[in-house]
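Report on the following structure.
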Amino acid sequence: MFAQRLAQVAPSATLTVAAEAERLRRAGVNVVDFSAGEPDFPTPEHVKAAGKAAIDANFTRYTASQGTPELREAICARYKRDYGIDITPAEVLMTVGGKQALFNAALALFDPGDEVITHAPYWPTIPEQVKLVGAHPVIVPTDAADGFAVHAEAMIAAITPRTKAIILNSPCNPTGGLVEESTVAAIADAAARRGVWIVVDLCYEQLIYEPVPHNLPKVLFDRHRGRTVLAGSASKSYAMTGWRCGWTIAPKELTTAFNLIQGQSTSNITSITQKAALAAVSGPQDAVTAMLNEYRTRRDNIHAWLTAHPAITCVKPKGAFYLFPNISELLSPDGLRTSADFAQALIEKEHVVVTPGEAFDAPGYLRISYATSMEQLREGATRILRFAESLQPAKASASS
Ligand SMILES: Cc1ncc(COP(=O)(O)O)c(C=O)c1O
């Protein structure tokens, strides 16, 4: 009855878990919700004010589908300021969040039968969008033992004559890992030799905790500019998830193709959002720094609290706002067999909502969003530890 392409695509597991949390909350249950993939902070005041001013000034009509020239100029200025790269407004297109940025890339670049390489654990939308356009995701696993590092050799080894693109996500949702500059350089060189596109999801680019070199735009522009797509978003850095603002930075001809797709689908992103995004991108950045500092403190606390349990191990995230602990030692054939079972039982017994690793192609793990208050983190950690204790009293007390 429906189009065949739907048979390939899985629903968003992260949204399903969030809906379960909402259902419990409405039923009056005291839920601790660690599923949210969005900041708990309000949008910064000056950004909200710009949105309100846009309405009052009747800036409420269609704009160019690519986005207003002033906003695209501001994106160019920001990438010059942050990364030292020169781009022109003709290479920028404003999208309905980073999701549409990536989907435009999938629609414009991937044909049925093409292979698209990415790394796991991954944000599920990445492979699902590849499938939606009839292409095949090729998944290269990474390992918690070395901090979920993406290795260039493994990515390059996955290239075949059918490979159309490589999608990288750094900082990574769900692992919080960064793809190192040297890795991206090696991948870019191989991609350049094989005519393969590189798409980088930079959704969390401003949420990196330690000052490490991470200028992926420059590395890619120096080596492979003609076939690089950068996908950005205002959602996480500026606490603007509901405004729906993202962008692509891509060669002019490809940006024209994106604009063709968008002109026949959504047209421009909301005019009001564009004014707010202009204030976000070109105004003071103190709010971004303040949120980052708060996320860092939360990360350190929740990481310490959970890893105090002998059966929970966890790589400390370098960016984004998710903890990705391994709880496989708490699973057993005659108890909770999978991390999905674990997450379900955790909701039922302790009313703590987390996303099971299965959603990210990483069974045995849980994703915990720490974009929530310290009180909630403390309470949730207490409940998770109590739950873990109830599963493995002998082991936990033997080693404590
Ligand atoms: C890795 C990653 N990329 C892109 C996005 C897209 O976010 P948005 O469409 O709100 O910009 C998300 C949102 O959760 C994400 O986690």
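List of remarks:
- Cα-Cα over 27 Å, subset of LYS318/LYS349; LYS164/LYS236; LYS236/LYS318: LYS318/LYS349; LYS164/LYS236
- Relative contact order computed over the chain (Cα-Cα under 8 Å; 6+ residues apart), in percent: 23
- Rg ratio for region 49-282: its Cα radius of gyration over 2.2 N^0.38 Å, N being its residue count, equals 0.98.
- Most mobile listed residue (HIS119, HIS136, HIS46) in the chain, GNM with C-alpha springs under 10 Å: HIS46
- For region 161-274, the relative contact order works out to 22 percent when only alpha carbon pairs closer than 8 Å and six or more residues apart are counted.
- Per-residue ellipticity at 222 nm, computed for the chain from helices alone with -39500 (n - 2.57) per DSSP H run of at least four residues, works out to -13500 deg cm²/dmol.
- GNM on the chain, alpha-carbon springs under 10 angstrom: the most fluctuating residue among PRO137, PRO11, PRO121 is PRO11.
- Working from Cα pairs under 8 Å separated by at least six residues, relative contact order for region 49-282 is 30 percent.
- Coil-residue chymotrypsin sites (Phe, Trp or Tyr not before Pro) of region 38-89, DSSP, other Cβ within 10 Å capped at 10: TYR62
- DSSP-loop trypsin sites (Lys or Arg not before Pro) across region 278-338, with at most 14 other Cβ within 10 angstrom: ARG337
- The long axis of helix 181-194 is offset from the longest Cα principal axis of the chain by roughly 50 degrees.
- Pairwise centroid distance, computed over Cα atoms, of region 132-150 with region 316-341, Å: 18
- The percentage of C-alpha pairs in region 164-299 whose separation is greater than 17 Å is 65%.
- Antiparallel DSSP beta bridges within region 49-282, percent to nearest 5: 30
- Rg ratio (alpha-carbon, reference 2.2 N^0.38 Å) - region 1-82: 1.70
- Rg over Rh [alpha-carbon atoms, Kirkwood Rh] for the chain: 0.97
- Rounded D (µm²/s) - region 304-400, Kirkwood Rh over Cα pairs, Stokes-Einstein at 25 °C, 0.890 mPa s: 182
- Set of aspartates and glutamates with alpha-carbon distance to LYS131 below 19 Å, sequence-local pairs under 8 removed: ASP111, ASP114, GLU115, ASP201, GLU358, ASP361
- Global geometry of region 217-281, whether rounded, prolate or oblate, following the gyration tensor of its Cα atoms and the 1.5 cut on a/c: oblate
Bear in mind that the values in this text are calculations on the coordinates, not laboratory data. Source: prediction; values computed, not measured. Cβ atoms come from the backbone with ideal geometry, glycine included; neighbour counts cover every protein chain shown.
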